[in-house]
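> Right, I'll just put the structure down here and ask away after.
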Amino acid sequence: MADPYYITTAIHYPNGKPHIGHAYETIAADVMARFQRLQGREVRFQTGTDEHGLKMAQKARDLGITPRELADEMSCHFRDLFDKLDISYDRFIRTTEDQHHRASQAIWQGMEASGDLYLDRYEGWYSVRDEAYYDESELEEGEGGEKLSPQGTPVEWTVEESWFFRLSKYQEPLLALYRDNPEFIQPDSRRNEVIRFVEGGLRDLSVSRTSFDWGVKVPGAEDHVMYVWVDALTNYLTGLGYPDETADMTKFWPADLHLIGKDIVRFHAVYWPAFLMSANVAVPKKVFGHGFLLNRDGKKESKSAGNVTDPSELADLYGVDPLRYFLLREFSFGQDGSYSAEAIVNRNNAELANSYGNLAQRTLSLLYKNCEGYLPPINGHTEEDKALFEHVDRVISKEMPAAFDKLAFAQGLEAWMGAVFACNAYIDAQAPWALKKTDFERMKTVLATLYIVIAQLTVAISPVIPASSRKLLDAMGIAYELRTIEGIRSHWYSPLSEADYQLDKPEGLFPRLELPEAEGEGG
């Protein structure tokens, strides 16, 4: 039995409705979770909403409602979107849950027991939008001379009594972690940034606030609420039942992967492992900071910037699976990437509709018409048949898994599409429609060969386009228990001798898309 696998997204800040950036990260995590299940692993996939902090309190005040009312409303929008996008999460966590407050207070008490918390006075720069503290040396100057964070967000001078965490104590342990576990932070560009930051020296971190009360209360100091990042990061433990020694904690912690945006790598790769070390909890295995999804102006989508795209509308326009496929196929996952309506339409039409969908439609239609809807037996393989089997098997058993393990989704999908192209070259060269008249037995072998490799490729792509894959595999009559990489390889690997797979009448899988009437803009 393969090792269990625990993957999380960052929990999303619900001070506004979700935008395409939230969808991008969560779709990628969903693909990774489905991919690991396909390898036979028991997977725990967690996402959710981060509902505390000054930003939520201010937004609720502006709307004339309570922070809890705002959190309840906005959290539902995220759930609804993820259901629409076919996200297969196992746990949707909300930081306003009683269990989460208990977990956060437990990790606080663990840090306190290590002697790593002390009361003092904080004076420094704080970005409400980032919910982050910044040193003077990190600030940039805006066009009007105002001070801005490295993310370009406004900062304000803050003075208040605060509990501090002895982050400076963990400088050397963190550097040792990065040195001994090179995969802990990925991609390498993020790892190098974090190492430079920590080598520059760590200052103790303010971890409580008294200027507002929307948050988790500090144990023994009820006039303080925890710094929102102490609270938010603990969600990864909350979902497994921490601080209790649950079966889920034993099975799934430490997390295999925290999948997050590159702008919050510091919180996950510096603060979080330091908190865990202090509380005597194992650190996660990997933090991956992906790039931003940029709109047509080349800017990161942001609620505060007012330039967001509703992913639900994109899914309605282009379909859920074409959108999922595009987002992971178009550009390298670790880097920034931009999108447009033209790019989504072109990618769908060229690859999903013309290459893959048309391949399946042609093959299954010929089987349905000429073999009474059943998969015929194979009577010997030619070198061309064997070469196609070997190509597809190499892609689904080696190239795609190797790429997906590194979150190199575009690379894995490139290999998959190469196998689809090989199948199309094979059907064109073998011309089963012509063999029908000259060599009926050979026609059946060609169609059975294509059926098998299409089944293999459909199982392999199912983490990316789950609904379309389910539909095609159902139409092909393939049993649910065979829909894993190992199941499809062991059962279908040549030679095939049984003719017991009945097909439904083929239907089009991917309709060609058209650009919206306006001007085909995306973002």
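> Yes or no: the range 359-373 includes at least one residue that is in contact with a strand residue (DSSP E or B) (Cβ under 6 Å, 6 or more places away or on another chain), of a type outside the set (Asp, Glu) and either surrounded by 17 or more Cβ atoms within 10 Å (Cβ to Cβ) or modelled with pLDDT under 95 (or both).
yes
> Give the residues of the range 139-154 that are part of a loop (DSSP other than H, G, I, E, B), more than 30 Å from the chain's Cα centre (by Cα) and surrounded by 14 or more Cβ atoms within 10 Å (Cβ to Cβ), sorted by residue number.
Answer for the range 139-154, where residues must be part of a loop (DSSP other than H, G, I, E, B), more than 30 Å from the chain's Cα centre (by Cα) and surrounded by 14 or more Cβ atoms within 10 Å (Cβ to Cβ): just Leu139.
> Ala467 is checked against (1) modelled with pLDDT under 90; (2) in a helix (DSSP H, G or I); (3) surrounded by fewer than 20 Cβ atoms within 10 Å (Cβ to Cβ) and fails just one. What number does that condition carry?
The one condition Ala467 does not meet is (1).
> Next question. Against the definition (in contact with a helix residue (DSSP H, G or I) (Cβ under 9 Å, 6 or more places away or on another chain), of a type in the set (A, V, I, L, M, F, W, C) and assigned to a loop (DSSP other than H, G, I, E, B)), how does Ala2 come out, yes or no?
yes
> Out of curiosity, is Thr96 under 22 Å from Arg44 (Cβ atoms) and among the hydroxyl-bearing types (Ser, Thr, Tyr)?
It is true that Thr96 is under 22 Å from Arg44 (Cβ atoms) and among the hydroxyl-bearing types (Ser, Thr, Tyr).
> Within the range 217-272, take every residue that is crowded, with 17+ Cβ neighbours inside 10 Å, within 22 Å of the chain's Cα centre (by Cα) and basic (Lys, Arg) and give me the one that is farthest from Gln109 (Cα to Cα).
Looking at residues that are crowded, with 17+ Cβ neighbours inside 10 Å, within 22 Å of the chain's Cα centre (by Cα) and basic (Lys, Arg), I get Lys262.
> While we're here: Do we find a residue being surrounded by fewer than 18 Cβ atoms within 10 Å (Cβ to Cβ) and on the phi > 0 side of the Ramachandran plot anywhere in the range 392-404?
no
> Scanning the range 328-350 for residues that are within 30 Å of Asp504 (Cβ to Cβ) and under 15 Å from the mean Cα position of the chain (by Cα), which turns out surrounded by the fewest Cβ atoms within 10 Å (Cβ to Cβ)?
For the range 328-350, the residue satisfying everything is Arg329.
> Moving on. Does Ile20 count as β-branched (Val, Ile, Thr), touching a Ser or Thr at 6+ places or on another chain (Cβ under 9 Å) and either within 28 Å of Val155 (Cα to Cα) or without any contact (Cβ under 8 Å) to a residue 12 or more places away in the chain (or both)?
yes
> Same structure again: For the subset of the range 287-314 comprising residues that are under 12 Å from His19 (Cα atoms) and either modelled with pLDDT of 95 or more or in a helix (DSSP H, G or I) (or both), which member is nearest to the chain's Cα centre (by Cα)?
Top of the filtered list is Pro311.
> Determine whether Glu372 is on the phi > 0 side of the Ramachandran plot and acidic (Asp, Glu).
yes
> Six or more apart or on different chains, Cβ under 7 Å: which pairs go from a residue in the range 264-275 that's closer than 13 Å to Gln186 by Cα to one that's among the charged types (D, E, K, R)? Could you list them?
Taking only residues 6 or more apart or on different chains, the pairs are Val265/Arg190.
> To continue, here is another question. Is one or more of the residues making up the range 182-193 surrounded by 16 or more Cβ atoms within 10 Å (Cβ to Cβ), touching a residue at least 60 places away in the same chain (Cβ under 8 Å) and closer than 22 Å to Lys217 by Cβ?
no
> Can you go through Thr449, Thr445, Thr363 and tell me which one is over 38 Å from the mean Cα position of the chain (by Cα), more than 30 Å from Ala28 (Cβ to Cβ) and hydroxyl-bearing (Ser, Thr, Tyr)?
Details: Thr449 fails: over 38 Å from the mean Cα position of the chain (by Cα); Thr363 fails: over 38 Å from the mean Cα position of the chain (by Cα).
Selected residue: Thr445, the only one of Thr449, Thr445, Thr363 that is over 38 Å from the mean Cα position of the chain (by Cα), more than 30 Å from Ala28 (Cβ to Cβ) and hydroxyl-bearing (Ser, Thr, Tyr).
> From Tyr170, Tyr126, which residue is at pLDDT below 90, crowded, with 16+ Cβ neighbours inside 10 Å, over 30 Å from Arg324 (Cα atoms) and assigned by TED's automatic domain parsing to the domain that holds Val31?
It is Tyr126.
> Let me ask something else. Being in the same structural domain as Ile185 (by TED's automatic domain parsing) and in contact with a Pro (Cβ under 8 Å, 6 or more places away or on another chain) narrows it down to one of Trp253, Trp272, so name that one.
Trp272
> Is it true that Ala353 is surrounded by 18 or more Cβ atoms within 10 Å (Cβ to Cβ), more than 21 Å from the chain's Cα centre (by Cα) and either among the charged types (D, E, K, R) or not assigned by TED's automatic domain parsing to the domain that holds Ser88 (or both)?
Yes: the conditions hold for Ala353.
> Can you pull out the residues in the range 99-139 that are of a type in the set (S, T, N, Q) and touching a strand residue (DSSP E or B) at 6+ places or on another chain (Cβ under 8 Å)?
Correct list: Ser104, Gln105, Ser127.
> Restricted to the range 35-79, and to residues that are charged (D, E, K, R) and over 25 Å from His101 (Cα atoms), which residue is surrounded by the most Cβ atoms within 10 Å (Cβ to Cβ)?
Step by step, filter the range 35-79, then rank; the result is Arg37.
> Could you please let me know if Arg91 is over 30 Å from Val464 (Cβ atoms), surrounded by fewer than 20 Cβ atoms within 10 Å (Cβ to Cβ), modelled with pLDDT of 95 or more and not small (Gly, Ala, Ser)?
Criteria not met by Arg91.
> Within the group Thr95, Thr66, which residue is among the hydroxyl-bearing types (Ser, Thr, Tyr) and without any contact (Cβ under 8 Å) to a residue 12 or more places away in the chain?
Criteria check complete, one pass: Thr66.
The values are calculated or read from the model by the stated rules, or taken from the named source; none is laboratory data. Please read these numbers as outputs of a predicted model, since none were measured by experiment. Counting neighbours? That spans all protein chains shown, and the Cβs are built from the backbone with ideal geometry, glycine included.
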